[in-house]
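Step one of this worksheet: look at the structure below.
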Amino acid sequence: NLEALWHLDEPTGSTTIIDSNGASNGTATNTALGVSGKFNTSANFNGTSSYVKFGNNIFNSMTQGTLSAWINIPLQISNGAAVEIFSTASSTSANSMFVVDVFGDSPTTMKFRVGARTALNYVYGDSNIVPNQWYHVVVSATGSIWTLYVNGVQQSITVSNGTNAGTWFSTEVS
């Protein structure tokens, strides 16, 4: 069942992100909308203070699901730093979250993290993410295993902390 679909193709000057499924619109903050994208227009996030806030806890009742996004990271990410693509955390102090990010290591890779901020499962694929290139990224969870695809190719999964439990979003505790 489709829970939400955000194209992020709103016109310049907009702040409302429309859910094509009609269930959960979002509000963009410090985000340039209507910029040139992979297909038509897109949103441009500044890497520090831009985000889109959706309704509270819209994902928390899910035990399985799939996230899909076109991403283009315009700069090399410093070793040890990360650029978040998606997160269920509503703040940097949230204790429980699901995060998909591009992590600056050697090489730069897609990773996703699930669990409590102090005890996260770290799972990552084997694709090198090069700056200024478009990538189609899909993260899927069955409730028992995570799968990561980059440009339609299933990634070999490495677990660097915890397990590949495939759990989906958990209730966030701020």
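At-a-glance table
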item: Residue-wise HN-Hα coupling along region 122-132, computed from phi with Karplus coefficients 6.51, -1.76, 1.60 (Hz; x: Gly, Pro); result: 10, 10, 9, x, 10, 7, 7, 9, 9, x, 6
item: Order of exposure, largest accessible area first, which applies to THR66, THR108 with probe 1.4 Å; result: THR66, THR108
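The values are calculated or read from the model by the stated rules, or taken from the named source; none is laboratory data. Everything quoted here is computed from the prediction, not taken from an experiment. Ligands, DNA and RNA are excluded from the accessible area calculation, which covers all protein heavy atoms including side chains. Shrake-Rupley method; radii C 1.70, N 1.55, O 1.52, S 1.80 Å.
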